[in-house]
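This report concerns only the one structure given below.
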Amino acid sequence: MRKYIFVTGGVLSGLGKGVISSSIGLLLKLQGYSVSLQKIDPYVNVDAGTMNPYEHGEVFVTRDGKETDLDIGRYERFLDEELSAANYITTGQVYWNVIRKERSGKYLGHTVQIIPHITDEIKRLIRQPLEENSAEIGVIEIGGTVGDIESLPFLEALRQMKDELPRDDTFFIHVTLLPRLSTSDELKTKPTQHSVKELRGIGIQPNAIVARCDKPLPESVKQKIALFCDVARENVIEDPDLPSIYHAPLLMFEHGLHDRVAEGLNIEKKPVPLKEWASLVARLENPRRRVRVGIVGKYIELEDSYISISEALLHAGAHEDIKADIEWISAEDLISGSAADRLAGLNGILIPGGFGHRGVEGKLEAVEYARTQKIPYFGLCLGLQCAVIEFARNVLGWSQANTTENDPNTPHPVIALLQEQSQVTQKGGTMRLGIYESVLAQGSISRRCYGQDEIEERHRHRYEFNPAFRDRLEGAGLRVTGTSADGQLVEIIELEGHPWFVAVQFHPEFTSRFLSPHPLFRGFIKSCLEQQSSSSS
Ligand code: GLN
């Protein structure tokens, strides 16, 4: 069996196609089907690695080191599965493959065209993850909005697949928006009608419409959409604003989207064991305890830049019954000497990954505050590098200590370019990326949190803890508690005499899932609660 569900978007972007794709993927997986989720990003970029988080949100890294769109992270968080490079396609990737084939003479002198060569390559890339993983059902989300020039070749490829495959092998879900006119309090269906018309002009008739709206839809509106868009009434599914994205599978289940899909694809309807999911959602939405966590970053205006981190805190919180109220703190605002005032009252401080010099001095202020005030500290990637620099400057007195990323001439380059990076000139896909193993030290916080000696985590960096300074830093109380298997690369540091100070060179946020939170995030949020009770007693 090999079936395809295609999820397109209408009216405008940002409607939550990713959440709907993840929800239907989850409902099918819980029924026992093997599912593969895939994102098509119609950008010309070959991958998301070179894209600015301001424009595109977080860059998510897969196990095999592909730099992808944040939707891939959402799929993993919902499905509790590891995806790979094959689960992410961009226009750039498609053309890159076709142009490479053309240069090597594989087209035997034929004219290379969008139809059939580009569309054939798209179809091959859509089939690939299902074939690689022997998955039964592929859920493929097409980024952007129907009507965009960029998505045309992709939609044409989907149209071809629909015609080439048996009728019940494909199912199209169109996610649209129903705006409400505030003056008349009226929900308008016209934009949805137009976007379906646009889709039909390309030769695709949606099988189901998921309508985003601020409140549940009246029956009359559902009937109107069904009539004008030529979709069965029960295949018009409302998608009102929800308290959390993890509520969406429960709602889609309630409205029977999984049954409509099963009917359309002619597959067996099986029980959907949603109990564990539902009880976690209930805890998430009614937390018993709350802590204040400050995230000191560079892109705080756009929370999507750190989405895996806020999600990881949320997962850990749902399991520990603690909600982390996140305060987004601009690192640049801490340089003026106001750090202590701004950070007072926080139960934990987290410094995420980042690039370049902007905000680093402010992050160092935040590390110093967490270290000296004994506030739980969790450093991720650049957050480890800042912790090492701060320690070198303020404990060892090396006032010029720095990373060579920001000061190539520092007398104390405590963070320096990885050797394997010294010859790299190309951007995009050239960092130390993807999964690497670490060995944990006995008696460390990290070892306790993970409950095992060896771990694998995902990386995305060019600089590392400089081994030339390791002895002196360790002599002063900085503990290296995780290294690469050969002991050469420092992966985790902790501080002696501090209740919870853990900084890691990797990105634990990428492997936290709703059903299985990351052990370090769990440990961090628990330590925030301890900090809260000790400071109020
Ligand atoms: N800029 C640092 C490096 O390249 C940290 C990267 C990160 O935080 N992801 O090593």
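Read-outs: derived from the displayed coordinates by stated rules, not from any lab. As the structure is a computational prediction, the values presented were derived from the model and not from experiment. Every residue, glycine among them, receives a Cβ derived from its backbone with ideal geometry; neighbour counts consider all protein chains shown.
A few notes on this one:
- Cβ-Cβ FRET estimate between LYS269 and ASP321, R0 fixed at 45 Å, reported to 0.05: 0.85
- Note on ARG358 and ASP471: with the Förster distance fixed at 35 Å, the Cβ-Cβ geometry gives a FRET efficiency of about 0.65.
- Order of CYS449, CYS213, CYS528 - criterion: other Cβ atoms within 10 Å of each residue's Cβ, fewest first: CYS213, CYS449, CYS528
- Placing pseudo-labels 7 Å out from each Cα toward the beta carbon at THR425 and ASP148 gives an inter-label distance of 3.3 nm.
- Per-residue Cβ neighbour counts within 10 Å put HIS518, HIS117 in the sequence HIS117, HIS518, beginning with the fewest.
- Between amide H atoms placed 1.01 Å from N, distances below 5 Å from GLY379 occur with ILE351, VAL502, ALA503, VAL504, all of them 5 or more places distant or on a separate chain.
- Along the axis of the charge dipole computed for the chain (Cβ charges of +1 for Lys and Arg, -1 for Asp and Glu, origin at the Cα centre), the listed residues PRO243, GLN400, LEU478 are led at the positive end by PRO243.
- If the chain linking VAL44 and ALA485 were pulled fully straight, counting 0.36 nm for each residue of separation and taking away their Cα-Cα distance, it would gain 155.0 nm.
- Length gained when the stretch ILE335-ARG513 is fully extended (0.36 nm per residue, less Cα-Cα span): 60.6 nm
- Debye, to nearest 20: dipole size of the stretch 422-537, +1 on Lys, Arg Cβ, -1 on Asp, Glu Cβ: 380 debye
- Inter-probe distance in nm under a simple model that places probes 7 Å from Cα toward Cβ, at GLU55 and GLU186: 4.0 nm
- Relative to the longest principal axis of the Cα atoms of the chain, helix 70-79 runs at roughly 80 degrees.
- Distance between the stretch 83-133 and the stretch 465-537 - C-alpha centres, whole angstrom: 42 Å
- Rounded to the nearest 20 debye, the dipole size of the chain about its Cα centre is 540 debye, using +1 on the Cβ of Lys and Arg and -1 on the Cβ of Asp and Glu.
- Cross-link table LYS3/LYS269; LYS222/LYS275; LYS3/LYS39, entries beyond 22 Å C-alpha to C-alpha: LYS222/LYS275
- For the stretch 258-416, the relative contact order comes to 19 percent (Cα pairs under 8 Å, sequence separation of at least 6).
- Cα centroids of the stretch 361-381 and the stretch 238-253: 37 Å apart.
- If R0 equals 45 Å, the separation of the Cβ atoms of LEU108 and ARG233 corresponds to a calculated FRET efficiency of about 0.30.
- Considering only the chain, percent of DSSP beta bridges that pair antiparallel, nearest 5: 35 percent
- Top positive-direction residue, dipole computed over the chain with Cβ charges, set LEU70, VAL439, ILE326: LEU70
- For the chain, adding -39500 (n - 2.57) for each run of n ≥ 4 DSSP H residues and dividing by the number of residues yields -11000 deg cm²/dmol at 222 nm.
- Most to least packed among 123-131, 304-312 [average Cβ atoms within 10 Å]: 304-312, 123-131
- Extension reserve of the GLN223-SER535 stretch, reckoned as 0.36 nm per residue once the Cα distance is removed: 106.6 nm
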